[in-house]
Amino acid sequence: MSDVLVVSEHRRGELRDVSYEAITAGRELADARGGDLRVAAIGGDVDGFAEDLNREGVDAVHAVANGEEFDHNVYQSAVGALLERTDAGTVVIPNSVNGLDYAPAVAEEHDLPLVTDAIGFEYDDGLTVTREMYGSKVETTVDVDGDRFVLTVRGGEWAPAEGVGDATVESVEVDHPESGARVTGFEEVAGGDVDISEADVLVSVGRGIEEEENLELVEELADALGATLSASRPIVDNGWLPKNRQVGQSGKVVTPDVYIAIGISGAVQHVAGMKGSDTIVAINTDPNAPIFDIADYGVVGDLFDVVPELIDEFA
Ligand code: FAD
């Protein structure tokens, strides 16, 4: 029962980055427990997914070819079958809308403790999970009784697993109950063409932009850099950009190569969503703005002076 089972996640034909991040978290746990790391690909293009999930450190990939899109019942049954048929005692699931849909059901069905939204953990005889509370204002630890559990891991907290592994790939047949729900199609929300969590470069705008009309300036910079536009919550609350552009605790977790924060103070709820970015650049008039504490490069200056200069440089 020392093996760890990571459940991957895909959407509309593509594996999500958090799948590879969960593999890294799963590998850490498997090493600490002296077990193997197993990864499940459930539904959709399982053969293609299985190939992509065969990253360094993965010992086995289980391909469950049931259904195209996410289905709560299929995921619950598939995880249950893999817990019964393998030596996996612990399940690692992305802390996403999908993950949170079936993780509690798996925990309940198999009488396992569930800890959600882990941002870190230590395993030394038992598991101690680090989570955030009170709107990301404090970090807390949770000790888990027993050595079998279900853990959901927050995106952007672990580096994605890389390299090509030499895992065995096994097709698994799973019987699952008739689903009460099925995906009949997708409807884009306004501006839903963009997934900021998958962007390599983000130009992110905050309240310092002052007026909706001024967004043109940061859009121009994003165009010049080939970047995607994202925002802090006040911009979304004002209705200036759609919700799917919001970075942060109540928005999306992003991990781009470059994150340029323009007129964003760096509140904990915002930082929770972007601190995993490789390189952070901040432009802010206030030298004491908390965003500078996590920025790799900072410009203390007025965005209305600095951004036009950057556009001239890169356009
Ligand atoms: P402000 O904090 O007002 O900062 C504006 C910054 O612009 C300031 O630092 C100022 O110095 C600078 N500035 C002003 N003029 C200029 C200029 N001309 N040039 C350069 N700089 C200038 N926030 C999020 O972003 N995402 C979330 O998901 C989120 N979730 C939340 C969840 C909860 C439960 C709560 C309570 C809050 C949440 N918030 C979230 C809100 C968060 O607490 C902050 O209020 C918000 O992040 C502030 O956004 P901001 O940095 O754009 O604005």
Considering only segment 195-304, give the strands (runs of 3 or more DSSP E) lying wholly within it that have at least 2 residues that are surrounded by fewer than 18 Cβ atoms within 10 Å (Cβ to Cβ).
-> 297-300
Is it the case that Ser179 is hydroxyl-bearing (Ser, Thr, Tyr), farther than 30 Å from Val268 by Cβ and assigned to a loop (DSSP other than H, G, I, E, B)?
-> yes
Restrict the check to segment 147-166 and report whether at least one residue is of a type in the set (S, T, N, Q) and either out of contact with any Pro (no Cβ under 9 Å at 6 or more places or on another chain) or under 24 Å from Asn54 (Cα atoms) (or both).
-> yes
Those residues of segment 92-121 which are of a type in the set (A, V, I, L, M, F, W, C) and either more than 21 Å from Lys252 (Cβ to Cβ) or open to solvent by 20 Å² or more (accessible area, probe 1.4 Å) (or both) amount to Val97, Leu100, Ala105, Val106, Ala107, Leu112, Leu114, Val115, Ile119, Phe121
Inspect all residues belonging to segment 127-144 and state whether any of them is assigned by TED's automatic domain parsing to the domain that holds Ala30, over 30 Å from Val247 (Cα atoms) and not in a strand (DSSP E or B).
-> no
Within segment 267-302, tally of residues that are within 7 Å of the ligand (Cβ to nearest atom), within 20 Å of the chain's Cα centre (by Cα) and not hydrophobic (A, V, I, L, M, F, W, C) | 3
Going through (1) free of Cβ contacts under 8 Å to residues at least 60 places away in the same chain; (2) more than 24 Å from Met133 (Cβ to Cβ); (3) of a type in the set (Ser, Thr, Tyr) one by one, Ser265 fails only at (2)
Test Val97 against the stated conditions and say whether it is of a type outside the set (Gly, Ala, Ser) and under 21 Å from the mean Cα position of the chain (by Cα).
-> yes
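Yes or no, residue by residue, for (1) surrounded by 15 or more Cβ atoms within 10 Å (Cβ to Cβ); (2) at pLDDT below 90; (3) under 21 Å from Pro290 (Cβ atoms); (4) within 16 Å of the ligand (Cβ to nearest atom):
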site	(1), (2), (3), (4)
Leu127	yes, no, no, no
Ser136	yes, yes, yes, yes
Gly146	no, yes, no, no
Phe149	yes, no, no, no
Val153	yes, no, no, no
Ala159	no, no, no, no
Glu162	no, no, no, no
Asp166	no, no, no, no
Val172	yes, no, no, no
Members of segment 39-66 found to be on the phi > 0 side of the Ramachandran plot and in contact (Cβ under 8 Å) with a residue 40 or more places away in the chain, listed by number = Gly57
Give me the pairs: first residue in segment 79-104 and of a type in the set (D, E, K, R), second residue open to solvent by less than 40 Å² (accessible area, probe 1.4 Å), beta-carbon distance under 6 Å, and six or more apart or on different chains, which are they?
-> Asp87/Asp3
Only one of Arg154, Arg233, Arg207, Arg182 is outside the structural domain of Ala272 (by TED's automatic domain parsing) and more than 18 Å from the chain's Cα centre (by Cα), namely Arg182
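The values are calculated or read from the model by the stated rules, or taken from the named source; none is laboratory data. Remember, predicted model here, so these are calculated numbers, not experimental data. With ideal geometry, Cβ positions are generated from the backbone for all residues, glycine too; neighbour counts draw on all protein chains shown. What goes into the accessible areas is simple: the full protein's heavy atoms, side chains included, and nothing from ligands, DNA or RNA. Shrake-Rupley method; radii C 1.70, N 1.55, O 1.52, S 1.80 Å.
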